[in-house]
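*Asks:* Quick one: structure below, then a few questions.
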């Protein structure tokens, strides 16, 4: 594919337009799953071991995850890179759409527009920078942005 | 998959987390390609005929596209539904990420944050409602929002 011809959308979809890659990023971001086994056993969608292994390699190659060096007998820990952290608006855009249009995920029609959460998403990205990049940003006042977003996207129709 | 367990993000990724589906939606939205042949021959990524046919069926089944009834010998015209129009923030989130992180698609580091364009995206969705749903919203003042977004996401590194 000619990335220049395809433009920015095509270029991003080329590396991120894959169901399992998006779900792995979601679980790293919102569940803080940093190890292969946690990602495998915690997967709500039941990702297969070989698919998870393949997608972790691809996400590392694409520069969205960094794989920590593991000492002999230890498990490798994955961290988000800055490019990986900046996938959060994409993940949240999927969540906004899902809240509005998928039965069972939210009260239909009750979800706010996509522009309403940019401050919260920016704060959550700062939180991820502390957690994954060792940034020294102080923790935000007024609760954990990631938890607030998680509440939005994980609660089901009967909640809240 | 248990959609309730997976939450709003998983539910949306389930139906939209596919490279070709996202690219077809992009071409319907930004290129106004409404017919099978236009989507096939215009595809920057060179979508295969059988893949395009499959994804069009899936997008119709998922309620994101409506397939017009075609008279004998005429081609069927596709229109976005409201659910399809509301994928625009997802498409734009991919574009924002691509502008920032894919070489050749934009000046690195120069892309504004994802929250900066919510008004423009909302206006572009109104424009799509006129075009695809027959809404009677008057055309927006100050240029075409879809064209403005397209300029953002399609220009290459050397432009602008």
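*Asks:* Of the residues A:32, A:27, which single one is under 13 Å from the mean Cα position of the chain (by Cα) and exposed (fewer than 15 other Cβ atoms within 10 Å of the Cβ)? Step through it out loud before you land on a result.
*Replies:* Working: A:27 fails: exposed (fewer than 15 other Cβ atoms within 10 Å of the Cβ).
Result of the check over A:32, A:27: A:32.
*Asks:* Listed residues A:69, A:41; which is part of a helix (DSSP H, G or I) and farther than 21 Å from residue B:19 by Cα? Break it down into steps so the answer makes sense when it comes.
*Replies:* Details: A:69 fails: part of a helix (DSSP H, G or I).
Criteria check complete, one pass: A:41.
*Asks:* Within the stretch B:48-66, which residues are touching a helix residue (DSSP H, G or I) at 6+ places or on another chain (Cβ under 6 Å) and part of a loop (DSSP other than H, G, I, E, B)?
*Replies:* Across the stretch B:48-66, the qualifying residues are B:62, B:63, B:64.
*Asks:* Test residue A:84 against the criterion of being in contact with a strand residue (DSSP E or B) (Cβ under 7 Å, 6 or more places away or on another chain), under 27 Å from residue A:149 (Cα atoms) and assigned to a helix (DSSP H, G or I), and give yes or no. Steps first, please.
*Replies:* On the way: in contact with a strand residue (DSSP E or B) (Cβ under 7 Å, 6 or more places away or on another chain): yes; under 27 Å from residue A:149 (Cα atoms): yes; assigned to a helix (DSSP H, G or I): yes.
So residue A:84 passes the test.
*Asks:* Here is a follow-up. Run residue A:7 past the list (1) without any contact (Cβ under 8 Å) to a residue 12 or more places away in the chain; (2) more than 7 Å from chain B (Cβ to nearest Cβ); (3) at positive phi and report the number of the one that doesn't hold.
*Replies:* (2)
*Asks:* A further question follows. Of the conditions (1) farther than 24 Å from residue A:95 by Cβ; (2) at pLDDT 85 or above, residue B:121 fails just one. Which one is it?
*Replies:* Only one criterion is unmet by residue B:121, namely (1).
*Asks:* Is at least one residue of the stretch A:48-64 within 14 Å of another protein chain (Cβ to nearest Cβ), modelled with pLDDT of 95 or more and crowded, with 23+ Cβ neighbours inside 10 Å?
*Replies:* Checking the stretch A:48-64: at least one residue is within 14 Å of another protein chain (Cβ to nearest Cβ), modelled with pLDDT of 95 or more and crowded, with 23+ Cβ neighbours inside 10 Å.
*Asks:* Ok, one more. Could you say which residue among A:99, A:19 is crowded, with 22+ Cβ neighbours inside 10 Å and within 7 Å of another protein chain (Cβ to nearest Cβ)? Spell out the reasoning first.
*Replies:* Working: A:19 fails: crowded, with 22+ Cβ neighbours inside 10 Å.
Being crowded, with 22+ Cβ neighbours inside 10 Å and within 7 Å of another protein chain (Cβ to nearest Cβ) holds for just one of A:99, A:19, which is A:99.
The values are calculated or read from the model by the stated rules, or taken from the named source; none is laboratory data. Every value quoted in this text rests on a predicted model; they were computed, and no experiment measured them. Glycine also receives a Cβ, built like all others from the backbone with ideal geometry; neighbour counts cover every protein chain displayed.
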